[in-house]
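Asker: First the structure, then my questions, so here it is.
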Amino acid sequence: MKIAILGGDGFVGWPTTLHLSDQGHEVHIVDNLSRRWIDTELGVQSLTPMDSIQERCRIWHQETGRRLHFHLLNLATEYERLKGWLAEHKPDAIVHFAEQRAAPYSMKTDRHKVYTVDNNVRATHNLLAALVETGIDAHLVHLGTMGVYGYSSVGAPIPEGYLDVEIDTPSGKKEQEILYPTRPGSVYHMTKSLDQILFQFYAQNDGLRITDLHQGIVWGTHTEQTRRHEQLINRFDYDGDYGTVLNRFLIQAAIGYPLTVHGTGGQTRAFIHIQDSVRCIELALGDAPKAGERVRIFNQMTETHRVRDLAEMVARLSGAKVAMLPNPRKEAAENDLIVKNDQFLALGLNPTTLEDGLLSEVVEVAKKYAHRIDRSRVPAVSAWTRDLARAVERDPERKGLRSVS
Ligand code: USQ
């Protein structure tokens with residue numbers, strides 16, 4: 001297949017690019033390199049040294065003989081170029097990662113909220129409108145998030161996108177299938193909730209073939225392909241905005257930094273290893289919906305864990321200390337989470353679960369590049385409200401962390 005990977009320079013986009021290229025697909029990366037610019041804005045860098053996208057593609061060709069094609073294009077602001085690109089290249093499938101993906105970044109300031117909504121919603125809508133206009137019947141696979149559902153404990157498993165409800169009508173009870181109600185916990189998660197409505201409309205109105213992957217928190221860094229050459233290494237975020245919880249704990253353990261648990265650590269979240277993440281995308285691509293079918297929704301996760309249990313596990317493995325910090329986010333102190341993921345299991349996903357060997361691998365990578373870490377950028381300081389920002393700032397434990405840095 002000819003596959004366009006929108007956002008193919010990112011944390012999941014790059015290993016997906018390599019995985020699909022390795023399988024013999026013709027892969028085109030379309031990216032505006034905004035993630036690299038955001039590193040510059042924040043004054044942080046990936047823990048792992050990343051080469052330019054062109055250099056990464058050159059090394060992949062040198063190692064495997066397979067060509068990757070890179071196109072510098074901004075989906076959100078260059079609509080006409082996007083349309084022209086699609087008309088010229090006519091991909092069979094499109095994987096859409098090209099959105100700002102960090103909740104803390106989206107909550108930093110009003111400017112970051114506006115940027116995240118403008119960038120994400122426009123990128124997705126431009127893509128949908130351009131597909132209709134060019135008449136290209138590509139299967140669109142979008143990277144959504146488990147966070148569209150929210151994390152409240154309802155006591156029942158979260159289904160894969162849809163919920164059967166019974167409605168009282170004057171002529172009696174009627175069954176209806178609805179999108180599972182969204183309850184986003186950040187501006188970023190809100191944009192993915194808005195994406196869902198855009199997909200529903202374009203699938204029903206124009207027959208676009210769309211799969212939406214509601215992914216959990218990705219952990220790990222290497223995949224089979226990124227291990228093949230030092231210059232194919234994946235990016236790896238540790239800072240308070242882009243680093244995600246389990247990878248952050250592993251990096252913190254590697255550099256002797258107390259594990260930064262927010263609140264009581266009572267949040268339960270869904271997780272998936274990066275190797276499974278790229279495999280799920282392959283499986284979703286191989287199972288395209290037909291025109292006129294409703295949007296296909298998968299829960300892309302393999303297990304759920306409570307944050308404080310993860311901290312305890314990493315502390316046990318590494319001897320790290322745990323710091324309980326005031327939570328900068330507005331989220332429940334405790335939640336349960338039960339999630340269905342039957343569809344990927346039925347398609348043949350064999351889940352990689354949390355195990356000591358893989359956790360230690362991440363710690364080893366972090367130790368190797370520890371000299372690249374700016375310890376002052378480890379704490380998460382983007383707060384969801386002004387009151388939370390003040391509480392975070394006043395906290396004595398956080399002041400203690402400053403002396404660690
Ligand atoms: N947390 C800590 N300590 C930290 C960092 C985070 O206790 O040092 C807590 C947070 O308060 C939160 C949980 O860990 O309760 C998860 O935070 P996270 O930063 O790992 O994940 P999140 O902001 O939800 O976002 C990440 C990705 C996003 C993806 C989402 C999937 O950045 O792109 O959509 O995971 S999910 O969480 O299932 O919605």
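Asker: Cα atoms only: what Rg and Dmax, in Å, come out for the range 3-85?
Answerer: Both quantities, over Cα of the range 3-85: 13.2, 38 Å.
Asker: Straight-line reach from LYS368: which lysines have Cα under 21 Å away, leaving out those fewer than 8 places along the same chain?
Answerer: Of all the lysines, those that pass the test against LYS368 - Cα under 21 Å, at least 8 places apart if same chain - are LYS321.
Asker: How high is the FRET efficiency between GLU166 and ASN350 when r is their beta carbon distance and R₀ equals 51 Å, given to the nearest 0.05?
Answerer: 0.90
Asker: Fewest Cβ neighbours within 10 Å first, please rank SER34, SER186 accordingly.
Answerer: SER34, SER186
Asker: At 222 nm, what value in deg cm²/dmol follows for the chain if DSSP H runs of at least 4 each add -39500 (n - 2.57) and the sum is divided by all its residues, to the nearest 500?
Answerer: -12500 deg cm²/dmol
Asker: Can I ask one more? Top mean-square fluctuation among ALA254, ALA123, ALA333, Gaussian network model of the chain, C-alpha springs under 10 Å?
Answerer: Of the options given, ALA333 has the highest mean-square fluctuation.
Asker: With each pseudo-label sitting 7 Å past Cα toward Cβ, what's the ARG66-GLU312 distance in nm, one decimal?
Answerer: 4.2
Asker: Below 23 Å, Cα to Cα, which lysines can LYS113 reach? Residues fewer than 8 away in the same chain don't count.
Answerer: By straight Cα distance, LYS113 reaches LYS192, LYS330.
Asker: Right, something else. Within the range 131-225, list the trypsin sites (Lys or Arg not before Pro) lying in a DSSP loop whose Cβ has at most 10 other Cβ atoms in a 10 Å radius.
Answerer: none
Asker: Give the cross-link partners of LYS173 among the aspartates and glutamates, using a straight C-alpha distance below 19 Å as the criterion and excluding same-chain residues fewer than 8 apart.
Answerer: Within the straight-line cut-off, LYS173 pairs with ASP164.
Asker: From the backbone phi of the range 84-101, what are the Karplus-calculated ³J(HN,Hα) couplings (6.51 cos²θ - 1.76 cosθ + 1.60, θ = phi - 60°) in whole Hz, Gly and Pro given as x?
Answerer: x, 5, 5, 4, 6, 9, 6, x, 7, 8, 10, 10, 10, 10, 7, 9, 6, 10
Asker: Fewest Cβ neighbours within 10 Å first, please rank LEU259, LEU68 accordingly.
Answerer: By the 10 Å Cβ count, ascending: LEU68, LEU259.
Asker: Given an 8 Å cut-off on Cα distances and at least 6 residues of separation, report the relative contact order of the range 103-178 as a percent. Provide the component values of the computation, followed by the final result.
Answerer: Details: 30 pairs, mean separation 9.8, N = 76.
Computed over the range 103-178, the figure is 13 percent.
Asker: Starting from the Cα of SER153, step 7 Å along the direction of its Cβ; do the same at TRP37; then give the gap between the two resulting points in nm.
Answerer: Modelled inter-label distance: 4.3 nm.
Asker: Principal axis lengths of the chain from Cα atoms, whole Å, largest first?
Answerer: 65, 59, 41
Asker: If you don't mind, there's one more thing I want to ask. I'd like the distance between the alpha-carbon centres of the range 44-84 and the range 244-284, rounded to an integer number of Å.
Answerer: Centre-to-centre distance over Cα atoms comes out at 25 Å.
Asker: For the range 134-188, what log10 I(q)/I(0) values come out of the Debye formula at q = 0.15, 0.19, 0.25 1/Å, with one point per alpha carbon and no solvent?
Answerer: Debye intensities relative to I(0), on a log10 scale: -0.66, -0.84, -1.04.
Asker: Still on this structure: Taking 0.36 nm per residue of separation and subtracting the Cα-Cα distance, what length does fully extending HIS229 through ARG386 add?
Answerer: Roughly 52.0 nm would be gained on extension.
Asker: Which residue, ILE272, ILE297, ILE167, tops the fluctuation ranking in a GNM of the chain built on C-alpha contacts under 10 Å?
Answerer: Among ILE272, ILE297, ILE167, the largest mean-square fluctuation in the Gaussian network model of the chain belongs to ILE167.
Asker: Still on this model: For the chain, set up a Gaussian network in which alpha carbons nearer than 10 Å are linked by springs, and say which option among LEU72, LEU354, LEU208 fluctuates the most.
Answerer: In the Gaussian network model the winner is LEU72.
Asker: Further question: Let me understand the range 45-194 better: what is its radius of gyration from the alpha carbons, and its Dmax, in angstrom?
Answerer: Rg, Dmax (Cα atoms, Å): 19.9, 68.
Asker: Tell me, what is the Rg over Rh of the range 320-389, with Rh the Kirkwood radius over Cα pairs? List each step's numbers first, then the result.
Answerer: Working: Rg = 18.0 Å, Rh = 16.7 Å.
Here the Rg-to-Rh quotient is 1.08.
Asker: While we're here: May I ask you to compute the full-extension gain from GLU364 to GLN23, defined as 0.36 nm times their residue separation minus their alpha-carbon distance, rounded to one decimal in nm?
Answerer: 119.9 nm
Asker: Just to check I understand the Karplus step: with θ = phi - 60° and J = 6.51 cos²θ - 1.76 cosθ + 1.60, what whole-Hz values come out for the range 256-262, glycine and proline as x?
Answerer: Values per residue, Gly and Pro as x: x, 9, x, 6, 8, 8, 7 Hz.
Any read-out appearing in this document is the output of simple, stated calculations on the displayed coordinates, not a laboratory observation. Keep in mind that this is a model prediction, so the values were computed, not measured. Cβ: placed from backbone, ideal geometry, glycine included. Neighbour counts: every protein chain shown.
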